[in-house]
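Worksheet: one structure, shown below.
The values are calculated or read from the model by the stated rules, or taken from the named source; none is laboratory data. As the structure is a computational prediction, the values presented were derived from the model and not from experiment. Cβ placement follows ideal geometry from the backbone for every residue including glycine, while neighbour counts extend to all protein chains displayed.
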Amino acid sequence: MRKIVLSILVNNTAGVLARISGLFGRRGYNIASLTVGETERPDISRMTVVAIGDEQTLSQIGKQLEKLQEVISVKELSPEKSVCSELILLKVRTKTDAKRQSAISIADVFRAKVVDVAVDSLMMQLTGETAKIDAFIKMFYEFEILELVRTGLTGLERA
């Protein structure tokens, strides 16, 4: 099994996300991560799809995507030729000053930003590579994680 990151330019029209995700579902392909948003042109969106599968499956994914009318281009983002990142918001319980200070210290090590402070909780924001995000989450296993959300991977090919 191998993981690929695909950068897909699509026409920004109603239903394009459903058509692309439907293609994956109909063929039994798994989407590990999916992000989508407008590009510098409002009529074009970029989708970043992380897929996991064997070589034959991954080869078929690209070929099937290129057949869709809404798809402009499909590129595989290789780790050495691209920059990929994701965002996480993590809220942890901090009932005591000691817990709050401990959470802030961990956030500082990872260069995370504290974005919300409440009487008994703290919310942090971090961007970075998947391994960094995973390590950040592991550091908070000793805390009570109240909520967590990740954007999924997004990326661009280097110049």
**Prompt:** Can we say GLU70 is of a type in the set (Asp, Glu) and surrounded by 15 or more Cβ atoms within 10 Å (Cβ to Cβ)?
**Reply:** yes
**Prompt:** Can you find even one residue in region 113-123 that is within 28 Å of ALA51 (Cβ to Cβ) and exposed (fewer than 12 other Cβ atoms within 10 Å of the Cβ)?
**Reply:** no
**Fill in**
Here the residues within region 73-97 that are β-branched (Val, Ile, Thr) and surrounded by 12 or more Cβ atoms within 10 Å (Cβ to Cβ) are VAL74, VAL83, ILE88, VAL92, THR94
**Message:** Regarding region 39-50, can at least one residue be identified that is without any contact (Cβ under 8 Å) to a residue 40 or more places away in the chain, over 20 Å from SER73 (Cβ atoms) and more than 21 Å from the chain's Cα centre (by Cα)?
**Reply:** no
**Message:** Of the residues LYS95, LYS99, LYS91, only one is within 30 Å of PHE136 (Cβ to Cβ), in contact with a Lys or Arg (Cβ under 8 Å, 6 or more places away or on another chain) and assigned by TED's automatic domain parsing to the domain that holds MET139; which?
**Reply:** LYS99
**Asked** With respect to LEU6, is the statement that it is assigned by TED's automatic domain parsing to the domain that holds ILE137 and either in contact with a Cys (Cβ under 8 Å, 6 or more places away or on another chain) or under 27 Å from ILE137 (Cβ atoms) (or both) true?
**Response** no
**Residues satisfying the stated conditions in region 1-43, i.e. outside any helix (DSSP H, G or I), surrounded by 14 or more Cβ atoms within 10 Å (Cβ to Cβ) and β-branched (Val, Ile, Thr)** = ILE4, VAL5, ILE8, VAL10, ILE31, THR35, VAL36
